[in-house]
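For reference, the structure is listed below as structure tokens.
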Amino acid sequence: MSVMAASPDGAGVPGAPTTSRAAYAWGALAWLLAWAAMLALDGRLDLANLGMLLVLGSTLASLWWPPLISMAASALSVLGFNWAFVPPRGSFAIDLHQHALLLATMLLVSATVAGLMARQRQIAARASRHALHATQLRELGDALRDAGEPQACASRLRESLEVLATAPTALLVLNQGLPATDDDDAAFVVGMVDADLRTGLWLCLRHSQAFGPGTGHHEDQPAWYLPMRGRSASFGAAVIVIERLPPDAEALRRQAQALCDQMGLALERSQSLRQAAQARERARIEEIRGTLLAAVSHDYRTPLAAIMSAASSLRQQGERLAPAQRARLATTIVDEADALGRMTENTLQLARLGDPARALRLDWESAEEIVGTVLRRVRRRDPARRVTARLEPVLPLLHCDALLLAQMLENLIDNALKYSDEDAPVELVVSRAGDRVVLAVRDRGPGVPPAWRERIFEAFQRGEGASGAGGAARVAGAAVAASAAGGSVEVPLAEVRRGAGVGLAVCRAIAQAHGGTLTVRARRRGGSSFECALPVALAPPPPTELPEGGTAP
């Protein structure tokens, strides 16, 4: 909260120093005590010492009274001192040789003291005003630094301006950028404004120029219009309605403009940060798009080449091929099209999960049913039935998107089958661990090096051992050569680690979308265990069965 410093006379600092009634009362009391002391000590002290009491009263009164009033009171007191104490008493006649110098000295000293005290009061008031200005700037700067958005500090700025100018104040602050026309939806107003003030605020904002008395622009206006200037433009404006200009109007207007500029710089900085974040997001999207295109052109060539080779062989040599050969070629087309579809689905799913506006279709699902669905799909691609499942009894229901969870498990199993030997088993284990359900896919493959246990979950990372472009080129070359020779070729697809490197990234995104985690750890006797830990939510109570013809309570 802003602090208002006070001058020695009890008046507020933002305007020129003023004298309150209490200050006049204290000055009058000082003179009253001085005269009471002089009257009480009359006859006991000489004139010089009595004159010192008068000077003391003048000095004390100068602490509270303005200089002109203090000097006038000192002159009247000197005349009264001459009348009451200087012989001949009861008249203003004086002995020029004896008392003129005393009275002149008393008057001069009193006037000098009054002038010096007035000067010190002005200096103290100026110092207090500077302290107030510095405090306001510091407190507003602290508030802007701590606030998430500078717009939240608009009320704080308005309070500071009202304390500074002791006049009604209102603000117009832009929400985002400057609209082409004056649009009230593009900004918000803090304070009370009428149509004229609103128009002046928009004009001040667009021209980035101060209007009003003392600004050199529209000085006939009964208010100051101050822009919230940044380095390149203005992001708001303030209006201070003034009935009359204070004596230090220029200093007040400069301070008010400094406060507005501090808000303008914060608004500009916030807008720059938003634009930088948007630019980074666009760059990230373009990078993903470029990487996706590179992955499509690189990793999709292998299944396409195999499909093209098998289809060409069937079309050109189908009648001369044995039924077993035709069946193998048809199986190749189906398998490679299925692999191509899974790669495409994973890539699209990764893009969908990256959209914060996408909501999951959550429902209460049984882990047993999800595992059964995954096993049926996987075993169509695994005739050796290497994949087995083991579930802990009495598992809680999962609050999840069943399609996404099944896709995650299918990706993990396909990954385990791809990177392990043909006779190595793959196991799907579901168990309860405290307040979480853990779905683990375990294999006996070569394992994942420690340096890659986090990187493999990044998009388009395929880890060590993936064949890369060389394998794809060999497969495509063999397929083309076989087609040109009019024969068929069995492509050793196991030699090529197919995939665009998005499967594990999709798996982690699905786990995180459900509030869970996906990690990989090494198994004791070789292989890897990919473990998805999902939180256990409280399942809703089972619906109450109503008797026939009954109604719910």
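A few remarks follow.
- Label separation (TRP83 vs ASP184): 6.7 nm, computed from points 7 Å beyond Cα along the C-beta direction.
- Gyration tensor (alpha-carbon) shape descriptor, the stretch 125-195, a/c threshold 1.5: oblate
- Per residue value of the accessible surface for the stretch 27-169 (all protein chains in place, 1.4 Å probe), Å²: 51
- The residues packed around ARG231, meaning those with a beta-carbon under 14 Å from its beta-carbon, carry a net charge of 0 if Lys and Arg are +1 and Asp and Glu are -1.
- With R₀ fixed at 51 Å, the C-beta to C-beta distance from LEU395 to SER155 puts the FRET efficiency at about 0.45.
- Our coupling estimate for the stretch 233-244, obtained by passing each phi through the Karplus curve with A = 6.51, B = -1.76, C = 1.60 and θ = phi - 60°, is 7, 9, 10, x, 8, 10, 10, 10, 7, 10, 7, 8 Hz, Gly and Pro reported as x.
- FRET efficiency for ARG138 and ARG254, using Cβ-Cβ distance with R0 set to 22 Å, rounded to 0.05: 0.85
- Placing a pseudo-label 7 Å from each Cα along the Cα-to-Cβ vector at ALA283 and ALA424 gives an inter-label distance of 3.9 nm.
- Theoretical FRET efficiency, 1/(1+(r/R0)^6), r = Cβ-Cβ of ALA100 and ALA72, R0 25 Å, to 0.05: 0.75
- Peptides 63-75, 185-197 ranked from most to least packed, by the mean per-residue count of other Cβ atoms within 10 Å: 63-75, 185-197.
- Here the stretch 119-159 is scanned for amide nitrogen atoms under 11 Å from the site 7 Å beyond the Cα of ARG274 along Cα-to-Cβ, giving 149-151.
- Other residues whose C-beta falls under 13 angstrom from the C-beta of PRO179 contribute a net charge of -3, scoring Lys and Arg +1 and Asp and Glu -1.
- Here the spin labels are modelled as points 7 Å beyond Cα on the Cα-Cβ line, and at LEU116 and VAL334 they lie 11.2 nm apart.
The values are calculated or read from the model by the stated rules, or taken from the named source; none is laboratory data. Quick caveat, the model's predicted, so the values are computed rather than measured. Because the Cβ atoms are built from the backbone with ideal geometry, glycine has one as well, and the counts that use them run over all protein chains shown. Surface accessibility is based on the protein's heavy atoms, side chains included, excluding ligands, DNA and RNA. Shrake-Rupley method; radii C 1.70, N 1.55, O 1.52, S 1.80 Å.
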